[in-house]
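Structure first, then comments.
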Amino acid sequence: MSRNVISIDTGASVIDAIRTMLSHHISGLPVVDRDGALIGILSDGDFIRRVEVGTEKRRGRWLAMLAGTNQVALDFARQHGRKVSQIMSPKPITVEEDTPLEQVVQLMESHGVTRFPVMRDNKLVGMVTRTDFMTAIAKLRLEWSSASGSDDQIRASVVAALAHAPWRPAALNVSVNDGIVSLRGSVRSDNAHKAAIVAVENVAGVKRVEDQLVKITYPPPEDDYGGGDFVSLEEEASTEDDQPL
């Protein structure tokens with residue numbers, strides 16, 4: 001999360017809020033009262049429907065009746081409001097410092113929001129946004145890309161990564177040379193092909209994947225869920241049956 005939280009007072013003007021967001025390159029602002037208590041949140045989405053740019057909601061008589069007088073009044077206030085308190089979303093969903101990331105993601109998905117204020121003892125101490133996930137992913141990727149290991153260790157990790165996947169390639173052959181992984185085998189779909197490459201690329205120490213997997217349009221029944229044994233790293237000697245007809 002971001003700990004240096006920039007907030008705005010509930011009585012600030014909409015123009016002040018916009019200037020603050022633009023100058024700090026942020027897309028959301030916690031709204032606090034004079035005592036610093038969190039009372040709302042303002043996001044860039046609150047400026048999409050605004051009278052200044054002609055994008056306010058225009059409802060005909062029947063649609064206005066269906067929406068209800070209360071909703072029409074709320075929309076008008078938010079689309080014409082001059083103060084932060086008039087356009088903010090009150091009582092925002094918050095998370096605690098020790099909230100698991102999985103729960104944060106579930107809340108983001110279920111409520112369709114991109115940021116949550118982070119609280120400690122009812123005090124605002126940070127903000128967690130989708131951008132924070134991007135930053136964390138980038139940092140972890142850099143750490144994984146700098147990881148090292150012997151070719152045998154990398155091969156063992158690749159095999160383990162694919163061993164129990166229902167879409168694993170059949171008759172898979174894995175070889176590793178200086179961190180470059182060569183994959184041979186057969187897959188039953190484009191998605192299975194993509195998943196196999198992604199799984200190998202996620203193994204620490206892998207520098208590149210040489211993709212020699214082939215797609216089988218109609219795999220035999222025993223290969224419906226991947227199947228096939230992992231063959232050894234060493235190449236098998238050619239036989240007469242291997243010669244072209």
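No lab work stands behind these numbers, since they all come straight from the coordinates. Just so it is clear, the structure is predicted and the values come from calculations on it, not from any experiment. Note that we place each Cβ from the backbone using ideal geometry, even for glycine, and neighbour counts take in every protein chain shown.
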If unit charges are put on Cβ atoms (+1 for Lys and Arg, -1 for Asp and Glu) and the dipole of the stretch 45-98 is taken about its Cα centre, the option from ILE48, GLN86, GLY60 lying farthest towards the positive end turns out to be GLY60
The FRET efficiency for ILE18 and GLU96, from their Cβ-Cβ distance with R0 = 45 Å and rounded to 0.05, is 0.90
Label point distance in nm, GLU56-HIS25, each placed 7 Å from Cα along Cα→Cβ: 3.4
Taking 0.36 nm per intervening residue step and subtracting the Cα-Cα distance, what contour gain separates ASN202 from THR69 on full extension? 42.5 nm
Rg and Dmax [Cα atoms of the stretch 1-94; Å; Rg one decimal, Dmax integer]: 14.5, 47
Given Cβ point charges of +1 (Lys, Arg) and -1 (Asp, Glu) and nothing else, what value in debye, to the nearest 20, does the dipole of the stretch 1-137 about its Cα centre take? 720
Helix axis angle, 14-24 relative to the chain longest principal axis, alpha carbon, degrees: 30
Given N residues in the chain, what is Rg(Cα) / (2.2 N^0.38 Å)? 1.55
Give the percent of DSSP beta bridges with both residues in the chain that are antiparallel, rounded to the nearest 5. 65
Pairs of alpha-carbon atoms within less than 8 angstrom and 6+ residues apart define the contacts here; what relative contact order does the chain have, in percent? 15
If R₀ is 41 angstrom, what is the calculated FRET efficiency for the pair LYS139 and ASP35, using the beta carbon separation as r and rounding to 0.05? 0.70
Looking at the square roots a ≥ b ≥ c of the eigenvalues of the Cα gyration tensor of the stretch 1-41, which shape do they give, rounded for a/c under 1.5, prolate if a/b is larger than b/c, or oblate? oblate
